[in-house]
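Written out below as structure tokens is the structure these notes cover.
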Amino acid sequence: NITARAKYLLNMKKIFCPAIVALVAALITFTACGGGIDYSDFISERRAQVYLYEDDSISVKVHISSRESPYLSDGYKGEMQELCEVFVTFADSPDSVTAKIGESGGEMSYMSVSDSFYLSFTGSDLGDSAQVELTYGEETRQITAPSALYDGVITCEEALESARQYDSELFLSLTDGNNFEGEIYVRLLADEGKCYYYVGVIDREGNTAAYLVDGENGNVIAERKL
């Protein structure tokens, strides 16, 4: 009976088409995630915010990061902590400097190699600007360092995905099921009003693959392997 056969085929189409669509969608999702693994789970340093201030006499830079502690480049992700780092450079360096952001701060360490001062403490995102109080000599200054981020800058996770797509063979070679046999650094960088990301992949043998990612379009513009 032709009519009965046509109805049977129509019913089978209704049953199988949604199933096929769901299967294809699942395969696309599986592929896009690098085989089901979320590589952002293996980020052991994530610098997502940078604040900058500069005038003729002083330069101030503040980094907000989430970083493993202890900080080891061993291919394993450790326990994470929120970190605020302050860097200050003077035209004429004073003998000592104290920095304070909110209720946190202290005496800064002098770094002779860069002729600058450094301080770190537990801290999180400060919003649109960092309010830094600096005391050196007989002077105390209140510095407002605006965020280097601007509209259109991609996230750390998007920068990581750009690097993964660029060098998928490396990521797959370090992937074992849902485990990644390495650790990943993603650091926001700011230079002359433009944002970039450093993405570093460290395996358990100490090998490092580094990528410089454009902060706006996600293109990998430089790479280096050590």
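Restriction of the GluC sites (Glu not before Pro) in region 149-197 to DSSP coil positions whose beta-carbon has at most 12 other beta-carbons within 10 angstrom yields Glu192. Between the alpha-carbon centres of region 188-226 and region 90-113 there is a gap of 29 Å.
Shown here for region 113-147: GluC sites (Glu not before Pro) in loop regions (DSSP other than H, G, I, E, B) with at most 11 other Cβ atoms within 10 Å, namely Glu138. Taking all Cα pairs closer than 8 Å and separated by 6 or more residues, the relative contact order of region 140-226 comes to 26 percent. Shape analysis of region 92-201 places it in the prolate category; the axes a ≥ b ≥ c from the Cα gyration tensor give an a/c of at least 1.5, with a/b above b/c.
Would you work out the charge dipole size for region 31-100 about its Cα centre, treating the Cβ of every Lys and Arg as +1 and the Cβ of every Asp and Glu as -1, and quote it to the nearest 20 debye? Intermediate results must be reported in sequence, preceding the final value.
On the way: 6 positive and 13 negative charges, 44 e Å.
So the dipole magnitude of region 31-100 works out to roughly 220 debye.
A simple spin-label model places the labels of Ser109 and Thr208 1.8 nm from each other, with each point 7 Å out along Cα-to-Cβ. If a paramagnetic tag sat 7 Å from the Cα of Asp55 along the Cα-Cβ line, which residues of region 142-164 would have the backbone N under 15 Å from that point? Zone members listed by number: 142-146. Here the Karplus relation 6.51 cos²θ - 1.76 cosθ + 1.60, evaluated at θ = phi - 60°, turns the backbone of region 79-89 into coupling constants of 5, 9, 9, 7, 9, 10, 10, 10, 10, 10, 10 Hz, with x for every Gly and Pro.
In the neighborhood of Glu54, defined by Cβ-to-Cβ distances under 14 Å, what is the net charge if each Lys or Arg adds +1 and each Asp or Glu adds -1?
Here the count lands on -2.
Report the extension gain between Asp191 and Thr155 in nm, rounded to one decimal, defined as 0.36 nm multiplied by the number of residues separating them, less their alpha carbon distance. Walk me through the intermediate numbers first.
Working: separation 36, 0.36 × 36 = 12.96 nm, distance 1.69 nm.
Length gained, Asp191 through Thr155: 11.3 nm.
Extension gain, Ser96-Asn219: 0.36 nm per intervening residue step, less the Cα-Cα distance, totals 40.1 nm.
Normalising the average separation of contacting C-alpha pairs (under 8 angstrom, six or more residues apart) by the number of residues puts the relative contact order of region 53-167 at 22 percent.
Coordinate-derived values only; no laboratory data. From a predicted model like this one, the values you see are computed outputs, not experimental measurements. A quick note on method: Cβ atoms are made from the backbone with ideal geometry, for glycine too, and the neighbour counts reach across all protein chains shown.
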